[in-house]
Each structure stands twice: as C-alpha cells, then as structure tokens.
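Visitor: If you scroll down you'll find the structure; I have some questions about it.
The values are calculated or read from the model by the stated rules, or taken from the named source; none is laboratory data. Just so it is clear, the model here is predicted, and its values are computed rather than measured. No Cβ is skipped: glycine too gets one built from the backbone with ideal geometry, and neighbour counts run over all protein chains shown.
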Amino acid sequence: MNGTAAAAPARKTGIIFGAVAVVALVALGLWLAWRPAPDQLQGLVDARELRVASKITGRLAQIHVAEGELVKAGQLLATIDSPEALAKEEQVSAAVNAAQSQADKAEAGARSEDIAAAEAQWRRAAAAADLARITFERVDRLANEGVVAGQKRDEARTNMIAADQAARAARAQYDTALGGARNEDKRAAQAQADQARGAAAEVAVALAETKVVAPASGEVGRRLAQPGELVGAGFPIMFVIESATPWVTLTLREDQLRGMALGSEYTGTIPAMNGQQAQFRVSFMAPAGDYATWRATRQSSGFDIKGFEVRLTPIKPIKGLRPGMSVLFDWPQ
C-alpha cells in the first residue's frame with residue numbers, strides 16, 4: 001500500500017517532465033520551421049583580361065604560345081612581319097650617316113689641301129695687285145710728263161683697284177679655310193644629325209613592336225587572329241587572363257547591403273571544387289548599371305531598388321579556382 005502511494009508522485013513527475021519535453025520539441029520544430037532562412041547568393045569567379053595587340057600594322061607571322069598556356073610578363077607571344085618598317089629602318093640609317101658626316105665635316109673644318117690651295121690663290125692675287133699698283137704709279141708719272149694719254153692712266157688705275165679687291169677676296173677665302181665652319185653652322189649640322197638619330201630611334205621602337213610580348217603574367221586565353229592574317233595597329237591578337245588573382249562578382253540589391261563594407265569577410269562554397277569552403281574579403285563596391293535595378297511593380301507604393309556590384313577577393317590563394325566557377329554565399333535576410 002505504502003509502495004503504491006510512493007510510486008504515484010514519481011509517475012506524476014515523469015509525466016510532467018515528458019509533457020515539458022514534448023512541448024519543447026514542438027516549440028523548437030516550430031521555430032526551425034518559421035525562422036527566416038538566409039538567402040543563398042551565387043557569384044561568379046572573374047579575373048582581369050588583357051587584350052594583347054601591337055602598335056604597328058603587319059602580317060601575323062607566327063604565334064609562339066598555345067591557348068591555355070601559362071606565360072610570364074615579357075614572354076614572346078607572337079611575331080609580326082612588317083616590310084614597311086624594315087624599309088624605313090634602311091632609310092633612316094642612311095639619313096643618320098649622311099647627317100653625321102656633315103656634322104663631322106663642319107667640326108673638322110677644311111682639309112689641309114684646301115687650305116693650301118686657298119693660300120696659293122691669295123698669294124697669286126696679292127702679287128697681281130702689287131704689279132697693278134706699280135704699273136699705275138709708272139703710267140701716272142708718264143701721264144704727268146705728257147708722255148702717255150690720260151686714258152692709259154685711268155685704265156691703269158682701274159686695273160689696280162680690281163686687282164686689290166681680288167686680293168682681298170682671296171685673303172677672305174684663305175681666312176675662312178683656316179678658321180673652319182662657324183659655330184652656328186656646326187650647331188645646325190649637329191642638330192640635323194640628332195634629328196636623324198631621333199627618327200632612327202622611332203623606327204627602332206616600331207621594329208620592337210613586331211615582337212609582341214605578354215603585358216603581364218597569366219594564362220593565354222582565346223586567340224583572335226591566326227598566322228598569315230593581316231592585323232592592324234591596336235587590333236587584339238589574343239587575350240591574357242591574370243588567373244592568379246581572381247575575384248568573385250556579386251550583384252546585390254541595396255537592401256541586401258546591410259552591414260557590408262569594404263574589408264568585410266564572408267564564407268563561400270565552391271560547388272566545382274567538391275563544396276570546398278573559403279574566406280573572401282569585400283574589395284570593391286559600386287552601383288551597377290540600370291539593368292540591375294529592381295523596379296517597383298506599383299507606383300503608389302514601393303520604390304526602385306538599386307543594384308550594386310560587389311567584388312570579393314580570396315583572403316588566401318585557392319588552388320584550382322578558375323574564372324567562370326560559381327561561389328555560393330549564405331546571405332542573412
């Protein structure tokens with residue numbers, strides 16, 4: 001009797017605890033069922049894509065890399081054949097030689113043979129001037145004595161003046177040969193030589209552009225031209241993708257930006273890599289174009305929601321992550 005009476009309160013207590021447990025489980029189930037589930041956003045892995053082109057027009061002679069090949073900055077990618085640039089190089093080379101020769105000639109002055117010839121011309125003219133002066137003095141005395149006519153004296157005077165001027169001109173030629181070119185002529189000749197060398201440097205740059213090199217390290221993407229085709233200046237030959245520095249691009253509504261700022265970190269799941277998870281950091285935020293604006297369906301209520309482009313960069317390098325892969329983020333509502 002006493003045992004039965006003692007067992008009744010224990011059963012009652014067990015029933016109460018059981019009921020409480022059932023109520024707790026029901027409440028937990030209802031909370032799990034009705035709690036707001038986070039949005040799952042899908043982003044795409046992207047990377048900077050560089051267009052590889054040349055500054056000159058020519059025919060694509062050879063491509064030295066294959067699509068998908070990893071290249072380093074400065075590595076030779078393609079060669080362009082440009083006969084026009086080669087012909088221009090020969091022209092400017094000849095112009096440089098000619099201009100430099102003129103500058104050297106102006107700097108060196110006249111040759112010793114030219115100086116000797118100018119001196120001989122001056123001395124001959126000086127001797128002729130002396131003879132003309134002596135002849136005039138004789139004719140002048142004879143004319144004063146009445147032996148010869150005054151016409152002879154005038155002719156002798158004219159010959160003396162002409163011979164003296166010829167001697168002066170010959171001496172000027174001799175002095176010019178001794179002194180060489182003027183400083184102004186030397187500077188002008190040297191400037192022409194420098195101008196020709198500048199044209200040669202320009203052609204050398206153009207010829208260097210026939211060797212198309214990688215602007216950065218990365219992976220060779222699609223080829224847009226084939227060997228034998230004519231490519232214009234600035235026309236892209238291929239793409240180089242900087243696959244080592246990817247990012248994930250998300251397009252979010254402005255009401256999904258709560259708490260987001262540059263430097264915020266989020267965990268993403270990569271389905272293509274067996275669901276591998278990785279940490280990403282927000283590195284860029286900017287308004288997207290009008291195409292990413294959610295329009296209100298009712299003009300009387302609601303408002304247009306602007307879209308934002310958000311880029312998230314892996315905190316640590318992720319081996320195997322490639323442009324085009326998807327990354328999933330659980331986004332709180």
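Visitor: Which of the residues belonging to the stretch 237-255 are part of a strand (DSSP E or B) and either hydroxyl-bearing (Ser, Thr, Tyr) or more than 22 Å from the chain's Cα centre (by Cα) (or both)?
Guide: Answer for the stretch 237-255, where residues must be part of a strand (DSSP E or B) and either hydroxyl-bearing (Ser, Thr, Tyr) or more than 22 Å from the chain's Cα centre (by Cα) (or both): Trp247, Val248, Thr249, Leu250, Thr251, Leu252, Arg253.
Visitor: Which number in (1) in contact with a helix residue (DSSP H, G or I) (Cβ under 9 Å, 6 or more places away or on another chain); (2) modelled with pLDDT of 85 or more marks the one condition that Ile305 misses?
Guide: Condition (2) is where Ile305 drops out.
Visitor: Can you say whether Gly234 is loosely packed, with under 15 Cβ neighbours inside 10 Å, outside any helix (DSSP H, G or I) and small (Gly, Ala, Ser), as far as the supplied structure shows?
Guide: yes
Visitor: Sticking with this one: Is there any pair with a first residue in the stretch 147-172 that is closer than 26 Å to Glu119 by Cα and a second that is in a helix (DSSP H, G or I) and among the basic types (Lys, Arg) whose Cβ atoms are under 6 Å apart and which are 6 or more apart or on different chains, and what are they?
Guide: Within 6 Å, the pairs are Met160/Arg133.
Visitor: Still on this structure, I have one more. Looking only at the stretch 225-263, count how many residues are touching a Pro at 6+ places or on another chain (Cβ under 7 Å) and over 17 Å from Leu76 (Cα atoms).
Guide: Within the stretch 225-263, the first condition is being touching a Pro at 6+ places or on another chain (Cβ under 7 Å), and the residues that meet it are 240-241, 243, 246.
Right, trim to over 17 Å from Leu76 (Cα atoms) and you get 243, 246.
Qualifying residue count, the stretch 225-263: 2.
Visitor: Follow-up. If Leu328 meets every condition in (1) at pLDDT below 90; (2) within 38 Å of the chain's Cα centre (by Cα) apart from one, which number is that one?
Guide: Checking Leu328 against (1) at pLDDT below 90; (2) within 38 Å of the chain's Cα centre (by Cα), the one that fails is (1).
Visitor: Sticking with this structure for a sec: Identify the single condition in (1) among the basic types (Lys, Arg); (2) at pLDDT 80 or above; (3) surrounded by fewer than 12 Cβ atoms within 10 Å (Cβ to Cβ) that Arg141 does not satisfy, given that it satisfies every other one.
Guide: (3)
Visitor: Taking the residues in the stretch 40-64 that are within 18 Å of Gly74 (Cβ to Cβ) and not β-branched (Val, Ile, Thr) as candidates, determine which candidate is surrounded by the most Cβ atoms within 10 Å (Cβ to Cβ).
Guide: So the residue we want is Ser54.
Visitor: Take Ala225 and tell me if it is among the hydrophobic types (A, V, I, L, M, F, W, C) and part of a loop (DSSP other than H, G, I, E, B).
Guide: Details: among the hydrophobic types (A, V, I, L, M, F, W, C): yes; part of a loop (DSSP other than H, G, I, E, B): yes.
When the stated conditions are applied, Ala225 passes them.
Visitor: When both residues are 6+ apart or on different chains and their Cβ atoms are under 7 Å apart, which pairs have a first residue that lies in the stretch 258-272 and is in contact (Cβ under 8 Å) with a residue 24 or more places away in the chain, and a second that is surrounded by fewer than 11 Cβ atoms within 10 Å (Cβ to Cβ) and not β-branched (Val, Ile, Thr)?
Guide: Filtered contacts from the stretch 258-272: Thr269/Gly275.
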